1. Quick one: 3J(HN,Hα) in Hz for region A:102-116, Karplus 6.51/-1.76/1.60 with θ = phi - 60°, rounded, Gly and Pro as x.
2. Please report the antiparallel percentage of DSSP beta bridges with both residues in chain A, rounded to the nearest 5.
3. Based on the Cβ-Cβ distance of A:Ser195 and A:Arg314, what FRET efficiency does E = 1/(1 + (r/R0)^6) give at R0 = 25 Å, to the nearest 0.05?
4. Using a Cα-Cα cut-off of under 13 Å, which aspartates and glutamates could be cross-linked to A:Lys201, ignoring same-chain neighbours fewer than 8 residues away?
5. So who's got an amide H within less than 5 Å of the one on A:Ala76, skipping anything under 5 residues away but keeping other chains? H placed 1.01 Å off N, in plane.
6. Collect residues whose amide H, placed 1.01 Å from N in the peptide plane, falls under 5 Å from the amide H of A:Val5; neighbours closer than 5 in sequence don't count.
7. Using each residue's phi in region B:31-37, evaluate 6.51 cos²θ - 1.76 cosθ + 1.60 at θ = phi - 60° and report the 3J(HN,Hα) Karplus result to the nearest Hz, with x for Gly and Pro.
8. Taking a ≥ b ≥ c as the square roots of the eigenvalues of the Cα gyration tensor of region A:78-213, is the shape rounded (a/c under 1.5), prolate (a/b larger than b/c) or oblate?
Amino acid sequence: MRCKVCRGHAVVDIRRHNAAFCPDHFVDHVTSQVAKALKEFKMATVEDRLLIAVSGGKDSLAVWDVLMNLGYDTTAFYLDLGIGGYSARSKEAAVAFAGSRGGKLITRSLREEHGFTVPELSTLTRRVPCSGCGLNKRYEFNRAALEEGFDVLVTGHNLDDEVATLFGNVLGWNTQMLGRQRPVLQERIVGAGDSRAFVKKIKPLVRIAERETAAYALIRGIDYIVEECPMVEGNTQHRYKEALTLLEEASPGTKHRMYFGFLKNASDRFAEDRGSAELIPCTDCGAPTVASGAHGVEKLMCSFCKTKALAHARRAERTNDSVHGAEQR
Amino acid sequence: MGVKVKLRNPDRLLEISGPRTVTALLNQLEVVSEGVLVIRDATLLTRDERLGPDDEIEIRPVLSGGSHPAGDGR
Ligand code: SF4
Ligand SMILES: [Zn+2]
Ligand SMILES: [Zn+2]
């Protein structure tokens, strides 16, 4: 195949665009698609300070790379989840990339901040790792962005991520999530004050398929972590991606049509399901939580603090049990 | 002699005889091409690329899992 632009030897073919590209023109193509999304959805300006949540994986490192090349003011944030060797290796990938590009990187560790890792939290709360993990990441990303004074939080969600989430929300008719699934989530203010509760969040890779972010990373020499998180097994999101990829294979453009068709023709129909309940500060950490439906003081804690309190309470119970057991022996 | 193929997650090696193109190789292995990148000598291959009998090829899956608060499936 030949490059659509220069007729040189092509290395990537994109069937839904009916096009193939040489390495240089593929990089240009991805960059212009990201620039288009940034403009189309009014994601950010070059004056904004952007915080990019990076995991050491291809998508988050790719979005950071593209935004740096486009001249945005970027800093990356890595959260160490404490998932054994996998976390150690993914952190190495993020640190090495930052070093090679001279990018600014902030790292924090869940254990140092809150006293548990993702596997420990899962055992203590008896919930699947991904649920606690997601809660932790959303909380910590938002907290870091607010504390460090960033205007926008950037995530590496690509077209495959978004269409799989959409598919899942449609299968379960989760109208609240359908109302909220946008490439941009505007910042929200807590109570009547003017302090920011949730930072603005953007997904600049929505026009790029996962296969393309992987190709981009490879061509740009980004040494991302290929290995999967060991906790991922049996993940429904992954099954949806595989199913949608089969449809895409048979009919290129299916994913793009489903996602962008949703944004254009359906998203606003779920606007009133979005939930605009007033936000109040969590009694524990001050982070925003939804005021409605709260009974009693305990309920005014945000879901992160509730989960954290549960984990620490269970750990204390265990320690008591084992101390007790030792005394009896 | 055949095409040496490295598959990932979990990592394993296979030797496949016969395929002349990337598409033929993927069909033989029943791999969905939209879900992978095919790499030879650190270079990406398009689906119509021809394969030689002693080529060493990596088939790298690109779809990650996870609940994705940060993308990447992580
Ligand atoms: S697979 Fe689950 S536990 Fe692992 S990083 Fe992703 S969300 Fe967290
Ligand atoms: Zn070209
Ligand atoms: Zn809280």
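Values quoted throughout were computed directly from the atomic coordinates according to the rules given, and no laboratory measurement underlies them. All figures in this text were calculated on a predicted structure; none of them were measured in a lab. When we count neighbours, we look across all protein chains shown, and the Cβ atoms used for this are built from the backbone with ideal geometry, even at glycine.
1. x, x, 7, 10, 9, 10, 9, 10, 4, 5, 5, 6, 10, x, 8
2. Numbers: 11 of 30 bridges.
Close to 35 percent.
3. Values: r = 33 Å, r/R0 = 1.31.
That pair, A:Ser195 with A:Arg314, gives E of 0.15.
4. Within the straight-line cut-off, A:Lys201 pairs with A:Asp48, A:Asp151, A:Glu187.
5. Long-range HN contacts for A:Ala76: A:Ile52, A:Lys104, A:Leu105, A:Ile106.
6. A:Cys22
7. Each residue's phi maps through the Karplus curve to give 9, 7, 5, 5, x, 9, 10 Hz.
8. Values: a/c = 1.21, a/b = 1.19, b/c = 1.02.
Rounded shape, in that the Cα axes give a/c under 1.5.
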